[in-house]
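A.B. asks: Pasting a structure below so you can have a look.
The values are calculated or read from the model by the stated rules, or taken from the named source; none is laboratory data. A quick note: this is a predicted structure, and the numbers were derived from the prediction, not measured. Because the Cβ atoms are built from the backbone with ideal geometry, glycine has one as well, and the counts that use them run over all protein chains shown. What goes into the accessible areas is simple: the full protein's heavy atoms, side chains included, and nothing from ligands, DNA or RNA. Shrake-Rupley method; radii C 1.70, N 1.55, O 1.52, S 1.80 Å.
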Amino acid sequence: MLFSACLSLVCGMATSAENYKPLDALDQPAHLSEKAGFSLLTAVSAAGQRLLAVGERGVILLSDDHGKHWRQARSVPSSVALTAVRFVNAELGWAVGHGGVVLHSRDAGETWVRQLDGRQAAAIEQAAADAEGSAETPSRRQRDAARIVAEGPDKPFLDVHFFDAQRGLIVGAYGLAFATADGGKSWVSLVGRIDNPRARHLYNIAVDGENLLISGEQGTLLRSTDGGQSFTTLAIDYPGTLFGALLANDKSMLVFGLRGNAFRSTNQGGAWQKVDFGQPVTLTAGTRLRDGGLVVVDETGRVLLSRNAGAAFSALHTEKINAATDVVEAADGGLLVSTQRGPVRLAADVLRSEQKK
Amino acid sequence: MSHVASSPSTAGVSLRDFDPQSGSGIERALFNNRLIIVLLCLIATVFLAYQATGLSLNAAFEKMIPTKHEYIANFLENRTELAGAGNTLRIAVESKKGTIFDPAYLDVVRQINDELFLYPEVDRPFMKSLWTPSVRWTGVTEEGLDGGPVIPDDYDGSPESLDQVRVNVERSGEIGQLIAANFQSSIILVPLQDKLAETGERIDYNKLSQRLEEIRAKYETDDITIHVTGFAKVVGDLLAGMQQVMLFFAMAIAICTAVLYWYTRCLRSTALVVTCSVVAVIWLLGLLPMLGYELDPYSVLVPFLVFAIGMSHGAQKMNGIMQDIGRGTDKLVAARFTFRRLILAGVTALLADAVGFAVLMVIQIQVIQDLAITASIGVAVLIFTNLLLLPILLSYTGVSADAAKRSLKAELAEATDAGHAKHPFWAFLDLFTQRKWASIAIAVSLVLGIFGLVTSFQLKIGDTDQGAPELRADSRYNRDNAFMVANYAASSDVYIVMVKTPQYHCAHYDVLMQVDALERDLQQLPGVEVTSSLAGLSKLAAAGMNEGSLKWYEIPRSQDMLNSIITRAPRELFNQNCDLLTIYVYLKDHKADTLNSVVQTVERFAQANNTEQVRFLSAAGNAGIEAATNIVVRKANTEMLLLVYLAVIVLAFITFRSWRAVICAVVPLMLTSVLCEALMVYLNIGVKVATLPVIALGVGIGVDYALYVLTVTQAQLKAGHTLSEAYYKALLFTGKVVVLTGITLGIAVATWAFSPIKFQADMGILLAFMFVWNMLGALILLPALGHFLLKQKKPTSI
C-alpha cells in the first residue's frame, strides 16, 4: 500500500514535470516594477487631466501632473506587451496589445480587466467566416480563419479607437480588425468589411469625428466616413509601410512611415504630395494639437511640428530623446513623448522653439 | 618544554672537558661531521640556486577560483560553450581632441587592429572593432533588411566616406558597445583562446601584457590615448607588480639585518643568521620548480615569511650561543649546548607555524592551498638551515667577544644583585604580573575585545571597491576600467546565468518567457544595470523583422518566427546544440551586497522554476565567479578560524599540560584576531581570498611568542619562583627574542604595504598588525592573565 502510494506519487511528479508549462503571459498579472519608468513604451494617451502610457510587460504608467511624475497602474491582468491605449473620457479607456489582448479600465486607468484575447478573437473571426462561407468548400477567409485559430494568440492588436463609451474598434497584425457596440463586452469581426486580401498589418487609426483613416503595411490605407461601418481602400504610390496618419482641421490627410516617407492629400486621398521630413528616418506616430498644429515623432527621437496642416514640418529643439513611439498633448499644453526608455515630457514652450530642419 | 629553561652548568666549559659523544644521536651525527654537513649544504644551495632560475611566475585563472564550488563547476562544465564569457581584452582607443570620424584616428585603430589580429593568443574569428567585417550596420528598406560593414569597402578617408562611416555607426547598434556615445573613442574587442592553437601552450600573460604596453607606447600621442581592460591585463599587471616584490624583499632583508645587528652588535653572527635565512629562501625557491610549483601573486609572499621566521629562530640560536660563549664556553661546545637546549623548542615553534599554514588547506581555492604547501616547504627547510646548519656554522665562527659579554650583562646583574635596578622595559612588562596592572590590562583588553567584536560584525565578505580589486584604485588599470565604465554601457562586472534546456529547445517560447521573467526580477535589483539574453534579443529581432516597429517588441509567440530569429542571433547568447542559453547580467560593481542580491534572486527563481528539462544555473562571468568565491570564502573563514584555534589549543595543551596556561596563551591571540577584523572594517578591507590566510598565519606564528614566554615562566614557577620572578626570568631569557621576532616579522611583511598589488598591501598591513599585536599580547596580556590563573608551585625540593 505504502509502496504503491509512493510509486504513484513519483509517477505523479514525473508527469507533472512532463506537462510543465509556465503560466501564460496573457494570464500573468503585470509585475509592479521599481524601474517601470524606464520601460519601453509604445503609446501614450490622455484621460481628462491624466496621462497614461503603455508598453512592454503589461506596464501601464499614470501621471497626474502632466507627465512630471509617473506611477504604475495598480492592477493589470496580463503582462504581454501593450501597443495602444485610448480613453473616451476621464474614466473609461481601453488598451490593446500582444496575445490579441484588449484591456478595459473604468477607473481612469488604476485597474484593468481583460475583455478579449487572441484565442477568443480567432474564434470570433472563424465564426464570422463560417457564417459567410459554406461548410462544403471552405472559402479563403474560412481557411485563413482556421489557420489563425490553429496558430494561437500570436497576433498583436496594434491600435484601438472608441467613439464613445459603447462604440469602438481595434485593428492589428495580419489585417485583423474587430468592432464593438457594447463597450467591449462583445466583438464582431471587421475582416469581411475590409479589402485587405494579403492580410497586411494595420498599424494606426487616425480619427476626425466619424471619419477614420487606417494606415498599415506596404502602403495600406483604408478610409471610413461612417464611423467604421464601411471602408474604402485609398491608393497611394508608395510601397512602404505607413505607421501613422493624421487628419488635419482643414480636412487634409497626412500619412507617414518608413524611412521618413510622408505624403499629404488635400482631396480626400485622390492625390498625394510628398512631404519633406529632412532625414531618411522612420516616422512612428503623430498627434493633432488642440490648436490644429500637427506633431510627428521619429525613431531617432526627433519631434517635428507643422503649423500649416502638414504641408511642412520643422524639428523642435529638444534635448536628446530616445527612439520615440508616440506623442500626445498634455492638458497643460506640454507634449508627452513615449520612448524606448520611458516617457519624456516637453514643456509647452518647446512648441515655440521651432528650428529649421 | 622544560628543555628551554634547563640551563645546566654550561658556563665555562672548554673543548678539552667536553665529551664529543655526549648529546643526542642527531647532535652527534651533526656536530661530529661538521665539515661534511657544511659541504653538503653548500652543494645543495648551489644546486637549488640553479634550480631556482627555472622558477616561473604565473597567475592561472583556475587557481584563483574555488573550482569545487557548484557555481564554478557549472561554469567549467559549460565553459567551452560560453563564447562570450571568456577571457576578453577590451582596448579602447580614445581621440583626445576630435571625434572618431577622423582619418588619422581611424588609421591608428586599423593599425592596432591589424597588429592585435596577428597575436597568437587571439581568437580571431570573434575579434570585433570598427575595422572587422563582423561589425555591421543594418537598416530597414521598403524591400526588406539592408546592411554592410560599418567602414564601407570603398572607404578612402575623404569627408564623404567619413560621413558614410558616421551614418553607418549610428545605425550599427554598437553605440555604447563598441563605440562610445560621445564618439570620442571606440573599442577593439579581443577575445583570447584558452591555449595557443598553434602550440597548445598556455598563454604567457606577462609577455602578452608587455606587448600590449608596447602597443600603448607606440600609438599613444597627444591626440590618442589607449585604455586596456580585461582579465589578461589584470594578470599581466599583477605579474609586473610581482617583479617589484623583489625590491621589497631586498628592503625586508636590509631592515631585518639592521634590526638584528642593533640587537646583537656582532657583525659576524648577524651575517650568519641572515645568510642562513637567505639560504632557506634559496632552497625553497629551488625546491618549488622541482616539485612542480610556480610562484603566484599570493605565494610570492612566502619567501618573506620564511626569511623572517628564519631570522627570528636564528637570532634565538645565536642568543643562546652568545650567552654561553660569554660565560667562557668554547664556541663549538656552546653551539652544541644551544642546539641541545633549543632544538625541541624550535621544532615545536616551527610546527606551530606549519599548523597555521596547514589549516589553510581546508580552503578549496588552489592559490591558497599552494600557499599553504609552499609555506610548509619553507618551514621544513628552516629546520635544516636555521636549526641545524646555523649552529654548526656558529660553531666555526663564534661570536665577537664584546657582543657575547653584552648579551650576559642583564643576566649577570640579576645573578649578582637581586635588588639591582631592572632593565626599565622588562621592569615595565613585569608590572603586569601584579594585581593592579593585571586588572588594568585585562579591563583594557576586555573593552578592546568588545569594541573589536562589535565592529567586526560589519565585516564584509568580498571586495569593497570598484574596478579590479587586485590592483590599487588609482592604478593605470583601474583608471582604464573607470574610463570603460563611464563611456560604455556594458560594465566590466558581468554575472552570467546559464540555462540548460533539452537539445534544440533553447529558443522555445516557454523557455524564453522564463528567461524574460528572471531578467525582469534581476532588473529590479539596484545593483543591476542591464541584462541581455536571447529573450531580449528576440524582442528586438521581432521589432526588426517588422520594419523596426517597436510595437512588436515582445517575444514572438510563433515558434517559426523564433527559429528564424536564432539563425541570425549572435553566438554568445546560446550554444551550437541549442541546449544552453546565457543570461548576461551587467552589474554596477562587484561589491558583496550587489553579488548577494543577484545570487539570491537567481537561486530563488531557480528553486521555483527549475524542472528536469529547464535548469537555471549560476554562475559564470567575473561577477559570478566572484560570487562563488565569496560564498566559499565566507564558509572557509569560519572553518579556518575554528580549526586554527583548535590546533593551537591542542598544541598549547600538549606543551603546557595545563588548561590555565592554555588560556593565558590563547586569549591574547583571540583578542588580536578580533581586533584584526575590526581593523579590516576600519580600512575597508573585505574578507577575500587574499585576507583569508592572514588570521591563520597570524595565529599560527603568533602562538610562538606565548610558547617562548610561557614555557620559561612555567618552568620557573615549578622551580618555586613567584610569578613576577618567573616572568622576569622568561623576559631576560626569551623576551628579547620575542620582541625581535615580532619586529622582524612585522617589518618584513609591512614592506608589502607599498606593493602595487592591492591585496598584497592589505595582507602586509594586516599581518604586520597581527604579528606586532600578538607580540604585545604575549608580553602584556599573558602575564596579566597569569596573575589570576597561574599559581606559584611550592618547591618540592630545596
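A.B. asks: If you roll a 1.4 Å probe over chain B with all protein chains in place, what percent of the accessible area is carbon or sulfur?
C.D. replies: 61 percent
A.B. asks: Give the average, rounded to an integer, of partner chain Cβ atoms located within 10 angstrom of each Cβ in A:312-322.
C.D. replies: Neighbouring Cβ atoms belonging to other protein chains average 0 per residue here.
A.B. asks: Rounded to the nearest whole Å³, what is the per residue volume of the convex hull around the Cα atoms of segment B:307-366?
C.D. replies: Working: hull volume 4.7 nm³, N = 60.
Given the Cα convex hull of segment B:307-366, per-residue volume reads 78 Å³.
A.B. asks: Could you work out how far helix B:758-776 tilts from the main Cα principal axis of chain B, as a 0 to 90 degree angle to the nearest 10?
C.D. replies: Once rounded, one gets 20 degrees.
A.B. asks: Another question about this same structure. Starting from the 7 Å offset along Cα-to-Cβ, what nm value, one decimal, do you get for the label separation of A:Ala146 and A:Glu34?
C.D. replies: 5.3 nm
A.B. asks: How high is the FRET efficiency between B:Ala489 and A:Asp164 when r is their beta carbon distance and R₀ equals 41 Å, given to the nearest 0.05? Numbers along the way, then the final one.
C.D. replies: Details: r = 46 Å, r/R0 = 1.12.
Working from the Cβ atoms, E equals 0.35.
A.B. asks: Now a separate question. Compute the whole-percent fraction of alpha carbon pairs in segment A:37-119 spaced more than 22 Å apart.
C.D. replies: On the way: 402 of 3403 pairs.
Considering segment A:37-119, 12 percent of its Cα-Cα pairs are separated by more than 22 Å.
A.B. asks: Please report the projected area of segment B:32-155's Cα convex hull averaged over all directions, in nm².
C.D. replies: In nm², the orientation-averaged hull projection of segment B:32-155 is 17.0.
A.B. asks: Right, another one. Convex hull over the alpha-carbon atoms of segment B:104-195: what's its volume per residue in Å³?
C.D. replies: 110 Å³
A.B. asks: What's the whole-number percent of alpha carbon pairs in segment B:561-661 lying beyond 18 angstrom? List each step's numbers first, then the result.
C.D. replies: Values: 3361 of 5050 pairs.
Value for segment B:561-661 (Cα pairs over 18 Å): 67 percent.
A.B. asks: Hey, can you list the DSSP H helices of chain A whose Cα span along the axis is 15 Å or longer and whose average Kyte-Doolittle score is at least 0.0?
C.D. replies: Counting only whole DSSP H runs, the qualifying helices are A:2-18.
A.B. asks: How many partner chain Cβ atoms sit within 10 Å of a residue's Cβ in peptide B:552-564, on average, as a whole number? Numbers along the way, then the final one.
C.D. replies: Numbers: counts 8, 11, 14, 4, 3, 14, 4, 3, 2, 1, 0, 0, 0.
Per-residue shielding by partner chains comes out at 5.
A.B. asks: How much FRET efficiency would the formula 1/(1 + (r/R0)^6) give for B:Leu291 and B:Gln576, where r is the Cβ-Cβ distance and R0 is 60 Å, rounded to 0.05? Intermediate results must be reported in sequence, preceding the final value.
C.D. replies: Details: r = 41 Å, r/R0 = 0.68.
With a Förster radius of 60 Å, E is 0.90.
A.B. asks: Next up: Give me the lysines in straight-line cross-link reach of A:Lys155: C-alpha distance below 26 Å, same-chain residues under 8 apart excluded.
C.D. replies: Result set, ordered by chain and number: A:Lys21, A:Lys185, B:Lys539, B:Lys551.
A.B. asks: Another one. Mind pulling the angle between the C-alpha long axis of helix B:621-656 and the longest principal axis of chain B? Nearest 10 degrees, somewhere in 0 to 90.
C.D. replies: Its long axis makes an angle of about 10 degrees.
A.B. asks: Too long at a 32 Å Cα-Cα cut-off: which of B:Lys405/B:Lys791; B:Lys97/B:Lys233; B:Lys588/B:Lys635; B:Lys68/B:Lys207?
C.D. replies: B:Lys405/B:Lys791
A.B. asks: Would you work out the charge dipole size for segment B:585-675 about its Cα centre, treating the Cβ of every Lys and Arg as +1 and the Cβ of every Asp and Glu as -1, and quote it to the nearest 20 debye?
C.D. replies: 300 debye
A.B. asks: Here is a follow-up. What Cys residues in chain B are without a partner cysteine, judged by a Cβ distance under 4.7 Å?
C.D. replies: Lacking a cysteine Cβ partner under 4.7 Å: B:Cys41, B:Cys256, B:Cys266, B:Cys276, B:Cys664, B:Cys676.
A.B. asks: Label point 7 Å out from B:Asn684 along Cα-to-Cβ: which residues of segment B:592-625 have amide N under 17 Å?
C.D. replies: Residues passing the 17 Å test: B:592-594.
A.B. asks: What trypsin sites (Lys or Arg not before Pro) in segment B:35-126 are in a loop by DSSP, with at most 13 other Cβ atoms within 10 Å of the Cβ?
C.D. replies: Loop-located and lightly packed - B:Lys68, B:Lys96, B:Lys97.
A.B. asks: Provide the descending list of Cα extents for chain B along its principal axes, expressed in whole angstroms.
C.D. replies: Cα extents, longest axis first: 113, 50, 45 Å.
A.B. asks: Quick one: helix B:366-382 against the long Cα principal axis of chain B, what's the angle to the nearest 10°, folded into 0 to 90?
C.D. replies: Helix B:366-382 sits roughly 20 degrees off the main axis of chain B.
A.B. asks: Now for a different question. Please state, to two decimals, what the Cα-based radius of gyration of the protein assembly as shown comes to when divided by 2.2 N^0.38 Å (N = residues).
C.D. replies: Compactness ratio reported: 1.25.
A.B. asks: I need the peptides A:54-62, B:226-234, B:447-455, A:138-146 ranked by packing, meaning the mean over residues of other C-beta atoms within 10 angstrom, with the highest value on top. Before the final figure, lay out each step's value.
C.D. replies: On the way: A:54-62: 25.7, B:226-234: 22.8, B:447-455: 14.8, A:138-146: 16.4.
Going by the mean number of other Cβ atoms within 10 Å, highest first, we get A:54-62, B:226-234, A:138-146, B:447-455.
A.B. asks: Could you give the accessible area per residue of segment B:634-737, probe 1.4 Å, as a whole number in Å²?
C.D. replies: 32 Å²
A.B. asks: Under a crude label model (7 Å from the Cα following the beta-carbon direction), how far is B:Thr199 from B:Asp510 in nanometres?
C.D. replies: So the two model labels end up 5.2 nm from each other.
A.B. asks: Which whole-number value in Å² is the accessible area per residue of chain A, probe 1.4 Å?
C.D. replies: With all protein chains present, chain A gives 42 Å² per residue.
A.B. asks: Quote the charge dipole size of the protein assembly as shown about the Cα centre in Debye, to the nearest 20; the model charges only the Cβ of Lys and Arg (+1) and of Asp and Glu (-1).
C.D. replies: On the way: 99 positive and 109 negative charges, 986 e Å.
For the protein assembly as shown, the charge dipole is close to 4740 debye.
A.B. asks: With point charges of +1 on the Cβ of Lys and Arg and -1 on the Cβ of Asp and Glu, referenced to the Cα centre of the protein assembly as shown, which listed residue (B:Ser549, B:Val444, A:Asn204) lies farthest in the positive direction of the dipole?
C.D. replies: B:Val444
A.B. asks: If you don't mind, there's one more thing I want to ask. Given just the C-alpha atoms of chain A, how large is their convex hull per residue in cubic angstrom?
C.D. replies: It is 163 Å³ per residue.
A.B. asks: For segment B:29-139, with the dipole built from +1 on Lys and Arg beta-carbon atoms and -1 on Asp and Glu ones, taken about the Cα centre, which of B:Leu106, B:Gly139, B:Tyr71 lies farthest toward the positive end?
C.D. replies: After comparing all options, I get B:Tyr71.
A.B. asks: Something else: Leaving out ligands, DNA and RNA, calculate the buried accessible area for the pair B and A with a 1.4 Å probe, summed over both sides, in Å² to the nearest 100.
C.D. replies: 3100 Å²
A.B. asks: Among the lysines, select those whose C-alpha is under 19 Å from the C-alpha of A:Lys68, and discard any that sit fewer than 8 residues away in the same chain.
C.D. replies: Cα-Cα hits under 19 Å: A:Lys35, A:Lys320.
A.B. asks: Still on this structure, please answer the following. With a 1.4 Å probe and every protein chain kept in, tell me what percent of the accessible surface of chain A is carbon plus sulfur.
C.D. replies: Carbon and sulfur atoms account for 52 percent of the accessible area of chain A.
A.B. asks: While we're here: List residues of segment B:88-108, by number, whose backbone nitrogen lies under 20 Å from a label position 7 Å along Cα→C-beta of B:Arg211.
C.D. replies: Flagged as within label range: B:88-93, B:108.
A.B. asks: Using a 7 Å offset from Cα along Cα-Cβ at A:Ala312, what residues in segment A:276-305 end up with backbone N under 12 Å from the label point?
C.D. replies: Once the point is set 7 Å along Cα→Cβ of A:Ala312, A:276 turn out to lie under 12 Å by backbone N, inside segment A:276-305.
A.B. asks: Let me ask something else about it. Return the FRET efficiency for the residue pair B:Ala443, B:Phe653: r is the Cβ-Cβ distance, R0 is 22 Å, and the value is rounded to the nearest 0.05.
C.D. replies: Here the calculated transfer efficiency is 0.20.
A.B. asks: Within a 10 angstrom radius of each residue's Cβ in A:31-41, how many Cβ atoms of other chains show up on average? Whole number is fine.
C.D. replies: 3
A.B. asks: Further question on the same structure: At a cut-off of 40 Å², which residues of segment A:55-102 become less accessible once all protein chains are present than in their chain alone, using a 1.4 Å probe?
C.D. replies: At a threshold of 40 Å² (probe 1.4 Å), the residues of segment A:55-102 that become less exposed are A:Arg57, A:His98.
A.B. asks: How high is the relative contact order of segment B:65-200, in percent, counting Cα pairs under 8 Å that sit 6 or more residues apart? If you can, show how the numbers build up before the last one.
C.D. replies: Details: 174 pairs, mean separation 48.8, N = 136.
Relative contact order for segment B:65-200 comes out at 36 percent.
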